[in-house]
Amino acid sequence: VRWMMYWIVFALFMAVETVTDLLISWFPFYYELKMAFVLWLLSPYTRGASLLYRKFVHPTLSSREKEIDTYIVQAKERGYQAMVRFGKRGLNLAATAAVQAATKSQGALAGRLRSFSMQDLRSLPDQT
């Protein structure tokens, strides 16, 4: 549970830090403070991640649980619909490619057969 709390808080920190890093990286000792904050989160003595999780993250997630579940269901449905749509497109492309390949090969075969005219066949020696 402790590691779960740490990784959730760390992931949130990294998401926020990605945006804010561009804005406040010029601040003196920014990188040192960031490293100290990560060590504070990780330390078993300070239990910073556990403290932040219990004070902020868990209450926020609990209050928005229904919204999160709704978003998950919507994402699942959209993902299924996208897979069906891409599957149909893939099958259509494969069928079109197969028909085109068959048409081209049939045309090539017909061209080869047309080269044998009746004159060519009469000129063959009769072997009876």
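The values are calculated or read from the model by the stated rules, or taken from the named source; none is laboratory data. All figures in this text were calculated on a predicted structure; none of them were measured in a lab. Because the Cβ atoms are built from the backbone with ideal geometry, glycine has one as well, and the counts that use them run over all protein chains shown. The accessibility values were calculated without ligands, DNA or RNA, using every heavy atom of the protein model including side chains. Shrake-Rupley method; radii C 1.70, N 1.55, O 1.52, S 1.80 Å.
Roll a 1.4 angstrom probe over the protein heavy atoms and tell me the percent of accessible area of the range 21-81 that is carbon or sulfur. Carbon-and-sulfur percentage of accessible area, whole number: 66. First select every other residue whose beta carbon is under 14 angstrom from the beta carbon of T96; then total the charges, Lys and Arg +1, Asp and Glu -1. With Lys, Arg at +1 and Asp, Glu at -1, the net is +3.
Count the lysine pairs in the range 1-95 whose Cα atoms sit under 27 Å apart, keeping only pairs 8 or more residues apart in sequence or on different chains.
Total qualifying Lys-Lys pairs in the range 1-95 comes to 4.
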